[in-house]
Amino acid sequence: MANGRVCTGYSHPMAASYAASAGTVTYTDPFIIARGVSVDISLTTSSGTSFYADNSAQETSPGKFVSGTVTLTNDDPLPGIAKKIYGLPEEKTLTMTGSTTVKYQGYGEQASYPYLGVGFIVRFQQDGVESFVPVVLTKVRFSAPNTSRETQGEEMSYQTTTLTGTMALDDGTDKNWKFVFDEQTTEAAAVAVLEKFLGKAS
């Protein structure tokens, strides 16, 4: 058996409401963010230190997690999902001619930008066999979204949305920033692990 495995895919970006009390973290109301295209995690760590003796480094201490940024590229989250991601206020209503109404969503100072647990599935292949690994980033707060759109040319251009979140250590007693779960044999089983951990009601 090979000693390593190759990543072949990414899917099912998911989030859940985050809460912590007395060193215990809980997640509730998990939801799929959108259809996932890619995920990028960039970490900031403290500087490591070394003890030098006999003209060389004899002991070292590694840098530790300080903060991080997660960037999710996906299709557009639906309005109800965007409301959860950014903590948006209730929609307002515009009355049109003939008493027809149209709802509209405000993005501004009323947004609360909640902390969330964020999970996703990474697909691997080893010796021709696929496996699916659930991953959870324990405490994330997304920023106001950047938007880029372009008109259609001669051919259809599929456009994506980028969500950027700031990662932090959670408020549990162990102060984790990420959990990686056992390999699952199917994607459905990996999704079930994420949903269970992120607080889906039985």
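The values are calculated or read from the model by the stated rules, or taken from the named source; none is laboratory data. These numbers come from a predicted model, not from an experiment. Backbone-built Cβ (ideal geometry, glycine too); neighbour counts: all protein chains shown. We work out accessible area using only protein heavy atoms, side chains counted, and drop any ligands, DNA or RNA first. Shrake-Rupley method; radii C 1.70, N 1.55, O 1.52, S 1.80 Å.
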Note to self: Among the numbered criteria (1) without any contact (Cβ under 8 Å) to a residue 40 or more places away in the chain; (2) among the polar types (S, T, N, Q); (3) within 24 Å of A190 (Cβ to Cβ); (4) surrounded by 10 or more Cβ atoms within 10 Å (Cβ to Cβ), which one does N3 miss?
What the structure shows: (4)
Item checked: Out of S11, S46, S17, sole residue that is in contact with a Gly (Cβ under 9 Å, 6 or more places away or on another chain), surrounded by 11 or more Cβ atoms within 10 Å (Cβ to Cβ) and modelled with pLDDT under 90 -> S46
Note to self: Which condition from (1) of a type outside the set (D, E); (2) out of contact with any helix residue (DSSP H, G or I) (no Cβ under 6 Å at 6 or more places or on another chain); (3) within 23 Å of V122 (Cβ to Cβ); (4) open to solvent by less than 50 Å² (accessible area, probe 1.4 Å) is the one that R35 breaks?
What the structure shows: (4)
Next item on the list: Could you grab me the full set of residues in region 138-153 that are surrounded by 10 or more Cβ atoms within 10 Å (Cβ to Cβ) and either of a type in the set (D, E) or in a loop (DSSP other than H, G, I, E, B) (or both)?
Entry: S143, A144, P145
Margin query: Report every pair of residues separated by at least 6 positions or lying on different chains whose Cβ atoms are under 8 Å apart, first residue within region 161-180 and free of Cβ contacts under 8 Å to residues at least 40 places away in the same chain, second assigned to a loop (DSSP other than H, G, I, E, B) and open to solvent by less than 50 Å² (accessible area, probe 1.4 Å).
Written below: N176/D170
Check: In region 45-56, is there at least one residue being of a type in the set (A, V, I, L, M), within 18 Å of V136 (Cα to Cα) and part of a strand (DSSP E or B)?
Finding: no
Note to self: One residue is enough: does region 97-107 have a residue meeting the conditions polar (S, T, N, Q), free of Cβ contacts under 8 Å to residues at least 40 places away in the same chain and under 22 Å from F197 (Cα atoms)?
What the structure shows: no
Check: When residues of region 167-189 are filtered for being farther than 20 Å from L43 by Cα and either open to solvent by 90 Å² or more (accessible area, probe 1.4 Å) or in contact with a Ser or Thr (Cβ under 6 Å, 6 or more places away or on another chain) (or both), how many remain?
Finding: 4
